[in-house]
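The values are calculated or read from the model by the stated rules, or taken from the named source; none is laboratory data. Source: prediction; values computed, not measured. Please note: Cβ atoms are built from the backbone with ideal geometry, for glycine as well, and neighbour counts cover all protein chains shown.
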């Protein structure tokens, strides 16, 4: 028996239960509990028409079971994250059997949608591996961003440093010299090849590169003193999940530095460069860091410096694992999971 995790008033609860009490809408709740989806992605998974899917989603949104987030020309839907009706939505999903044939088939198609997302991002990285640094430099003044990152981190010696979404290896080039050991993780083998060549030129011998998923990092928990996610979150379909996974690998007192764009309307970044998100607000990332169990320490915004073509503001967030050493399990260097 499912125990409700939060209370809800009678009339909204009845409206929510009425909205959920239909097969397609129950299937939608299960899907949206796993990740954000667009209408077109739901159409692909359910095999239903766009008008029908949109109608079902509207009913769920109106009942408070699902949240709709508008971003530029796209709309994303996810299970409500609030207490009350949002908790009721999560309880309904928890009550359903994921082994049910219909739900299992939906989940298989969802996995294919998510796989396609990852493939699209990987193809982009492979196609643009050589020019990645040039593309990034068009969006914000990198020298200013890197100086702000150095200021946030300080010059204290770091035990284990991890670059999450290492790309061409620029963060490793900057911060690995401050660390006893460093790891760069990226899903794209093409990007890792670029990073490997770049690091060979620097002569750094304390860096290890690993191909891995940011949702399931090939790194043991409780072993990282500093992790950086630099211009990575906007490519991900579930940024909060990636932040939670980053928090998992932090040692007690370990820090996570996140660098990404503030909210913007540059649709070209989505169309041409595979950005899934057009920036993040201060509150969104701060809330996600807190939900991941971290203590937010710093937020800073770096506006464009006036040079031609620079339209985006860069945001930095620094967070820390609040535990002390005695709270954690013994730390065994930085082994693969």
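What to note about this one:
- Within region 238-265, the only residue that satisfies the criterion of being free of Cβ contacts under 8 Å to residues at least 40 places away in the same chain and touching a strand residue (DSSP E or B) at 6+ places or on another chain (Cβ under 8 Å) is 245.
- Residue in region 173-200 that is farthest from residue 119 (Cα to Cα), counting only those that are out of contact with any helix residue (DSSP H, G or I) (no Cβ under 9 Å at 6 or more places or on another chain) and assigned to a helix (DSSP H, G or I): 200
- Entry remark, region 144-169: residues being out of contact with any strand residue (DSSP E or B) (no Cβ under 8 Å at 6 or more places or on another chain) and assigned to a helix (DSSP H, G or I) number 4 in total.
- Residue selected from region 49-70 under the condition surrounded by 17 or more Cβ atoms within 10 Å (Cβ to Cβ) and within 28 Å of residue 269 (Cα to Cα), by the criterion nearest to the chain's Cα centre (by Cα): 67
Residue by residue, here is whether (1) touching a helix residue (DSSP H, G or I) at 6+ places or on another chain (Cβ under 8 Å); (2) under 25 Å from residue 291 (Cα atoms); (3) part of a helix (DSSP H, G or I); (4) at pLDDT below 90 holds:
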residue	(1), (2), (3), (4)
4	yes, yes, no, yes
24	yes, no, yes, no
42	yes, no, yes, no
75	yes, yes, no, yes
91	no, yes, yes, no
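- Considering residues of region 278-296 that are in a loop (DSSP other than H, G, I, E, B) and over 23 Å from residue 267 (Cβ atoms) only, the residue nearest to the chain's Cα centre (by Cα): 292
- Taken residue by residue, region 50-73 has at least one member that is assigned to a loop (DSSP other than H, G, I, E, B), over 25 Å from residue 113 (Cα atoms), at pLDDT 90 or above and outside the structural domain of residue 234 (by TED's automatic domain parsing).
- Within region 176-203, the set of residues being surrounded by fewer than 22 Cβ atoms within 10 Å (Cβ to Cβ) and closer than 24 Å to residue 251 by Cα comprises 177, 178, 179, 180, 181, 187.
- Some residue of region 311-324 being more than 20 Å from the chain's Cα centre (by Cα), within 21 Å of residue 158 (Cα to Cα), modelled with pLDDT of 95 or more and in a loop (DSSP other than H, G, I, E, B): yes
- Selection status of residue 150, modelled with pLDDT of 95 or more and either more than 13 Å from residue 255 (Cβ to Cβ) or more than 20 Å from the chain's Cα centre (by Cα) (or both): yes
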